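Only one structure is covered here, and it is reproduced in the block below.
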Amino acid sequence: DAKTTQPTSMDCAEGRAANLPCNHSTISGNEYVYWYRQIHSQGPQYIIHGLKNNETNEMASLIITEDRKSSTLILPHATLRDTAVYYCIVRGGTASKLTFGTGTRLQVTL
Amino acid sequence: NAGVTQTPKFRVLKTGQSMTLLCAQDMNHEYMYWYRQDPGMGLRLIHYSVGEGTTAKGEVPDGYNVSRLKKQNFLLGLESAAPSQTSVYFCASSYNRGLQPQHFGDGTRLSIL
């Protein structure tokens, strides 16, 4: 699986959009980009995934660049409950495991 | 809908003791996984199972054994606990090995003295 690079931490004001970047310059053609988050003391929670088209669900939007070497997770209206560590993971369709890096610690403030 | 349930939530063991962690899922998922998470690190895969009666090694399998006798349950065993196995253990399940996301339990916090 391709390696990902994320900022260590980010801050966001409540009610504003949180844009979390991820670099995955070695991604291969059959690998998808997944985002999970882990709220303190809880298990990781799936957010969204995509291949090359932008994706949106009830939690977030995923924007993948045309060359697929980077992506951005967007939380449109961040709340205090979105404070968590966010993991960007690149995974092939036949891979068994998720390779978690150290992620981005997002702090949402009043 | 319980999802993935892990038992126990907390446990303290002495070095050399044995124990079994239980993971149960009610989503009829084929795949199940055991991860460990150490402070400041991401999750690392210990063992996984692609179906009832099957198991396979992950990244860090040494010192652990697993069994999948029933589709809904995945057991992680420590035969002789060591302080290096102090960690938070997470179980996950997914519909298959493809693109389906993994669903995680809330973890078992294990301390070995």
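The values are calculated or read from the model by the stated rules, or taken from the named source; none is laboratory data. Just so it is clear, the model here is predicted, and its values are computed rather than measured. Don't worry about glycine lacking a Cβ; one is built from the backbone with ideal geometry, like all the others, and counts go over all protein chains shown. The area values use the complete protein model at the heavy-atom level, side chains included, leaving out ligands, DNA and RNA. Shrake-Rupley method; radii C 1.70, N 1.55, O 1.52, S 1.80 Å.
In table form, for the structure just shown:
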item: Surface accessible to a 1.4 Å probe, B:Lys9 within the full protein complex, Å²; result: 120 Å²
item: Charge dipole (debye, nearest 20) of the protein assembly as shown; +1 at Cβ of Lys and Arg, -1 at Cβ of Asp and Glu; result: 400 debye
item: Phi to ³J(HN,Hα) by Karplus 6.51 cos²θ - 1.76 cosθ + 1.60 over region A:23-35, Hz, x for Gly, Pro; result: 9, 9, 5, 9, 4, 9, x, 9, 9, 9, 9, 10, 10
item: Cα-centre dipole for region B:60-113 with unit charges at Cβ (Lys and Arg positive, Asp and Glu negative), debye to 20; result: 280 debye
item: In nm, spacing of pseudo-spin labels at B:Arg109 and B:Arg11 (7 Å Cα→C-beta vector); result: 1.6 nm
item: Average beta carbon contacts from partner chains per residue of B:83-91, 10 Å cutoff; result: 1
item: Dipole magnitude of chain B, debye to nearest 20 (Cβ charges: Lys/Arg +1, Asp/Glu -1, about Cα centre); result: 140 debye
item: Residue mean of other protein chain beta carbons inside 10 Å, B:40-49; result: 4
item: Dimensions in Å of region A:3-110 - Rg and Dmax from alpha carbons; result: 13.1, 42
item: Label-to-label distance, nm, for residues given as A:Arg105 and A:Asn57 (7 Å Cα→Cβ offset); result: 2.7 nm
item: 3J(HN,Hα) from dihedral phi, region A:44-61, Karplus parametrisation 6.51/-1.76/1.60, rounded to Hz, x for glycine, proline; result: x, 10, 5, 10, 6, 8, x, 9, 9, 8, 5, 10, 9, 9, 5, 9, 7, 10
item: Top positive-direction residue, dipole computed over the protein assembly as shown with Cβ charges, set B:Asn65, A:Pro76, B:Ser93; result: B:Asn65
item: Approximate spin-label separation B:Asp26-B:Ser80, in nm, with each point projected 7 Å along Cα-to-Cβ; result: 4.0 nm
item: Calculated from backbone phi, Karplus (6.51, -1.76, 1.60) coupling profile of region A:77-85 in Hz, x at Gly/Pro; result: 9, 5, 10, 4, 6, 8, 4, 5, 9
item: Interchain or long-range residues, amide H under 5 Å from A:Phe100's placed H; result: B:Leu43
